[in-house]
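What follows is a single structure, written as structure tokens, with notes after it.
Only the coordinates and a few stated rules stand behind these numbers; no lab work does. This is a predicted model, so every value here is computed, not measured. Neighbour counts are summed over all protein chains in view; Cβ atoms, including those assigned to glycine, are modelled from backbone coordinates with ideal geometry.
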Number of protein chains: 2
Amino acid sequence: MTSMPSTLLAVVSAAPADNGVSVEQFLLLLAVVLIAAKVLGELAERIGQPAVVGELLAGVLLGPSVIGYVDPTLPSLHLLAQIGVVLLLFGIGLETDLKKLLSVGGAAFTVAVVGVALPFMLGVWVARELGLDLLPAIVAGAALTATSVGITARVFSDLGRLQTVEGQIVLGAAVIDDVIGLIILAIVSDLVAGNAPSALGVGRTTAVAFGFLGAVLLVGRFVVPPVFAVVARTGRQHTLATMALVLAFLLAVLASSVGSALIVGAFAAGLVLAPTEHAPTIERGIVRLANVFVPIFFVAVGAAVDVRTFGSREVVMVGLALTAVAIVGKFAAGFAPVWVRANKTLIGVGMIPRGEVGLIFAQTGLTAGVLNVGTYSALMLMVLVTTFIAPPLLRLLITRAHASTRIGVEPGSVVDMTTEA
Amino acid sequence: MTSMPSTLLAVVSAAPADNGVSVEQFLLLLAVVLIAAKVLGELAERIGQPAVVGELLAGVLLGPSVIGYVDPTLPSLHLLAQIGVVLLLFGIGLETDLKKLLSVGGAAFTVAVVGVALPFMLGVWVARELGLDLLPAIVAGAALTATSVGITARVFSDLGRLQTVEGQIVLGAAVIDDVIGLIILAIVSDLVAGNAPSALGVGRTTAVAFGFLGAVLLVGRFVVPPVFAVVARTGRQHTLATMALVLAFLLAVLASSVGSALIVGAFAAGLVLAPTEHAPTIERGIVRLANVFVPIFFVAVGAAVDVRTFGSREVVMVGLALTAVAIVGKFAAGFAPVWVRANKTLIGVGMIPRGEVGLIFAQTGLTAGVLNVGTYSALMLMVLVTTFIAPPLLRLLITRAHASTRIGVEPGSVVDMTTEA
């Protein structure tokens, strides 16, 4: 025995953690991801940007674009990232007052529907003008439809503006257009597979997706509080937070299995627990977990964007054209609920970031062979620009709104509705 | 589109999380593991047992033995379980006063060495008497050597006795015999591969393994506090806990890469941070994470034991014979430091549980073809019995010690040293 044989190390860890990734390699990966996310997140805050911008940038730097250390397709990393986004939306749900959310429900629904329709139509039109066939143009248009709930909610939360009318409308609209986005994804998947979608099928999927949210909120209001009262009475405090996490996981899985999204189920779990007396205890427990897992999600989103593909002039041109209609479409949607007194510019800008949902559309198209690598890269550029442009713009708008209150502004504006400390 | 196609769900989750395990399946698995661990953990406490007994039992029930829902070899589950044991030992290190630990260092070292030598020799002897060849007998003997730091530390912590002289001796001895166990594993791996281990090689591995712990503690005392002072000054409170987690991961990986164990590195990280002013902040953050991850580790340990293999009469006989010498050997080791005034029975019983380390030896032997399935199963029985017998015995001993103080007992006994609330 001259030195520790490498096979021994593998034995000590009992089994490789992933396809060829040892526990040691994975712990090192997590350490690097967390350091990069925290350092760049703190730096972003130093220059007045939300921390999420730094975390996304950490992902781009660590990902295949630059250093090539983080492979976002690594199954175990993907898993922890998904736990991160589930925790994020669960936490957002816990902080959300359902009554307040429903009071802006009409506005949120309007913003969501217009914010899906407009970018889709503009996207298909631009893509066709640029010479794409109909099917790729539809996939490209579809990739412009869904706002990233994660990024939007995180930015409003980072800036302490989640409880404003604007924050609630954007949150509601982003959740709704995630549900719509999944319906569109189902239609697009059918088209890509060569099947004609039926009106009946679309209607059923739509009913199930929206029905899930309603059913969970209705049933959950009656079932969950007594169950958690029992847990609180018999168990210790940390058991309560763990059981809340279990509820979030279960509703996420349930949502996904009926054709909605993991994050919609996690958000619903938060909404159901929010009015219970245990919400503060649960939130304290979840926040610690979220501090570790949520940055992993944003780093993974950043790492999924490969900036090396932006080398071609054509990719950049198509990409910027799609980016332009992606921004214009969502921005215009912010002004759709004409009857609401709110900062429409803030709503429109809040809907801009596409993030992970846009990437999923692009990947679907690429994997199915409908999109060529050029169009795929153009969509990645769209995701990158919309994701990075919105946080600083939002911050600017919110700071200006703050400044304007000091010199007197009419009631009902963003600042008056702020309930956060 | 008649219903949500199953391929679509896979697309929505972007990639399968593991070899064929989707994010949804994994979240469901985590939910089931956490529910079972918390319910059985609470029940165990109700009948006066440490929670860890319930968690291990949850693992046996969910594992291949009974229900067959939890596959402990699933890479992603194994990973989270390893994060769990790293967090556990990091937390234990954070609560440990190095001075106090070193003050019982001689006793701990004696318990560790005797507690390795005695069970090894007794194990080889019994195995030979029962007709095993020399090499399988050596592997079986080696599997009896290492106390499970995780189970031992958890039980003393659950019972609020980690800060007693007995708790510190057992903790120190368990960490030291983990290091010795890895050296033995290296020797055994060489033997199994048909290589004769050299005295020089063994000496070098031993020096590296113990040198690591010394070097980390020495260097860490100077380097870590200033680094964390900077983090505390520039970052937010939760960044501090995340960076502490990063340190634990990095030292765990470093320990493993020099031939020591992940958990030894994690424990060292805790020891280094324990005397800093940030220890309470870090501990609060880590406890929340540990509440979720640590039960996953114990469920995975429980699930790794397959009780179905205990059907054969020969397996049970060999298993019980090995169990007997495993218990006697460690129990006797508790009395080795004759000069120390402490409850030796408590120390001896505290060293009994073998847990995951014994399983790793057994798996190494089985994979290499040195152990047949019968001997492997016998070792599993030894692990199961020693793991489940120690917690209730410890609890009984500690309760009796408590009762005896009330009628007057000499100073220096277990109760007087209790510093925990």
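Worth pointing out:
- One residue of chain B places its C-beta nearer than any other to the axis carrying B onto A; that residue and its whole-Å distance are B:Arg288, 2.
- Between copies, B:Gln237 shows label-point distances of 1.3 nm, shortest first, with the point placed 7 angstrom from Cα along Cα to C-beta.
- Distances, shortest first, from the label point of A:Val338 to those at the same position in the other copies read 9.8 nm; the point lies 7 Å along Cα to C-beta.
- Net charge of neighbours whose Cβ lies under 13 Å from the Cβ of A:Leu89, counting Lys and Arg as +1 and Asp and Glu as -1: -2
- Counting Cβ atoms of other protein chains within 10 Å of each residue's Cβ and taking the mean over peptide B:361-369 gives 1.
- Taking every full run of DSSP H in chain A, the ones that stretch at least 20 Å from end to end by Cα along their long axis and average -1.0 or higher on the Kyte-Doolittle scale are A:23-46, A:75-94, A:105-129, A:165-192, A:199-234, A:237-257, A:279-303, A:313-333, A:373-406.
- Across the identical copies, the label point of A:Glu45 (7 Å from Cα in the Cβ direction) is separated from its matches by 3.3 nm, in order from shortest.
- Relative exposure of A:Tyr69, A:Tyr376, judged by other C-beta atoms within 10 Å (fewest first): A:Tyr69, A:Tyr376
- The magnitude of the dipole of the stretch A:257-338, with charges of +1 and -1 set on the Cβ of Lys/Arg and Asp/Glu and taken from the Cα centre, is near 160 debye.
- Put a dot 7 Å past the Cα of A:Arg341, heading toward its Cβ, do the same for B:Val258, and the two dots end up 6.8 nm apart.
- Exercise: per-residue mean of other protein chain Cβ atoms within 10 Å, B:101-111: 0
- Per-pair calculated FRET efficiency, R0 = 35 Å: A:Thr73 and A:Leu200 via Cβ, rounded to 0.05: 0.45
- Its DSSP H runs of at least 4 residues, each contributing -39,500 (n - 2.57), put the calculated 222 nm mean residue ellipticity of chain B at -25000 deg cm²/dmol, to the nearest 500.
- Only Lys, Arg (+1) and Asp, Glu (-1) charged, at Cβ; the stretch B:78-224 dipole about Cα centre in debye: 320 debye
- With each label modelled as a point 7 angstrom along the Cα→C-beta vector, the A:Arg46-A:Ile389 pair spans 2.8 nm.
- Peptide B:73-86 - average C-beta neighbours from other chains (10 Å radius): 5
- Under 17 Å from the B:Leu134 label point (7 Å along Cα→beta-carbon), backbone N, the stretch B:161-196: B:187-196
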